[in-house]
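Participant: Attaching a single structure in structure tokens format; questions to follow.
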Amino acid sequence: MEDLKTYIESGILELYVLGDLSPEEKLQVEDMASKYPLINAELDEIERSMELFAKNNAMEPADYLRDRVINSINTNLSEEGVIIPNNTKENVISLKQSKAYTFYKYAFAACLALLLASSVALVSLYNRLQESNTEIASLQSDKQRFANTVSLKDGELEVLQDASFKFLKLQGTAKSPVSQITVAWSPAKKKVWIDMRSMKMPVNDKEHQYQLWALVAGKPVDLGVFDKNADTADMKEMKPIATANAFAVTLEPRGGSVSPTMDEMMVIGKF
């Protein structure tokens, strides 16, 4: 009995009903069915299940596909010596009632249903994959922003805790008397930061940026550009420099200039 159960669960009976066995395997199944009523009953149950599935998922095929199936059946039957005249209403009705035509019809409908279900599943899987990729990209972006924030805070703490940093408040010029900005500079580490939080400067437009300069032996050295707006961080690190006699800020075209525009100097301070 256990061997019969194993034989039934092997899937060979389903392949037999589907006609997907070799002639030798088909004879073996038929021999088992003649010997064991349980095998024969299982075959009947598989056939009923497949017919029920096909009927539940049946779809009327298009006319041109129906004609193609009918012609194929007629050709096969003709080869066996059975002739069915074409293009008559009586033949079509008779053919629909035949077991062979019913099998082809339901098999075609089942294939369409499986194809439709597979397409829906693939579209759903693709959409979920796209959503996952978007979430991963968002997480990576958040991770990078968090890393940048931590790095910036570490730099700010270094400025406050490192005794090598000097603080210089740059005062406004005749161009902008009320302007102020504080520069933190460590000659030993060649690092320069500006205090964005306490900065008092007019908000620059989209076409211009502020540019920090270091005066070295009377010559200006570019230390980078920055903007004055509500979204800036507490502090901003500028380009490094080891020696400087003074610092100044000018208003320049966006991206900065090679040399400072002297009549646009906003603040200046000397050590």
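Participant: In nanometres, what is the gap between the two model label sites at Leu122 and Val258, each 7 Å from Cα along Cα-to-Cβ?
Facilitator: 6.0 nm
Participant: Right, another one. Quick one: net charge around Ser198, please, counting Lys, Arg +1 and Asp, Glu -1 for every other residue with C-beta under 11 Å from its C-beta. Provide the component values of the computation, followed by the final result.
Facilitator: Values: positive: Lys169, Arg197, Lys200; negative: Asp195, Asp234.
Neighbourhood net charge equals +1.
Participant: By its C-alpha gyration tensor, with a ≥ b ≥ c as the square roots of the eigenvalues, how is region 196-235 shaped: rounded for a/c under 1.5, else prolate for a/b larger than b/c, else oblate? Before the final figure, lay out the partial values.
Facilitator: On the way: a/c = 2.74, a/b = 1.80, b/c = 1.53.
It is prolate, given that a/c is not under 1.5 and a/b is the larger ratio.
Participant: Based on the Cβ-Cβ distance of Asp234 and Glu131, what FRET efficiency does E = 1/(1 + (r/R0)^6) give at R0 = 41 Å, to the nearest 0.05?
Facilitator: For R0 = 41 Å, the calculated efficiency reads 0.70.
Participant: I need the peptides 162-172, 238-248, 184-194 ranked by packing, meaning the mean over residues of other C-beta atoms within 10 angstrom, with the highest value on top.
Facilitator: Result, highest mean Cβ count within 10 Å first: 184-194, 238-248, 162-172.
Participant: If the chain between Lys190 and Asp205 were fully stretched, how many nm would it gain, using 0.36 nm times the residue separation less the Cα-Cα distance?
Facilitator: Stretched fully, the Lys190-Asp205 segment lengthens by 2.3 nm.
Participant: Please report how far the C-alpha centroid of region 161-205 lies from that of region 208-261, rounded to the nearest whole angstrom.
Facilitator: Comparing the Cα centres of region 161-205 and region 208-261, I get a distance of 10 Å.
Participant: Let me ask you something else. Taking amide H positions as placed in the peptide plane 1.01 Å from N, state which residues far from Leu170 in sequence (5 or more) or on other chains have amide H under 5 Å from it.
Facilitator: The list, which skips near neighbours in sequence, is Ile181, Thr182, Val183.
Participant: Follow-up question, since we're still on this one. Do me a favour and compute the ellipsoid semi-axes for region 166-270 from its Cα gyration tensor, root of five times each eigenvalue, largest one first, whole Å. Mind showing how you got there, number by number?
Facilitator: Working: eigenvalues 71, 48, 35 Å².
In descending order the semi-axes read 19, 15, 13 Å.
Each reported figure results from applying straightforward, stated rules to the coordinates on display, with no laboratory input. Remember, predicted model here, so these are calculated numbers, not experimental data. Cβ sites come from the backbone with ideal geometry, for glycine too, and all protein chains shown count toward neighbours.
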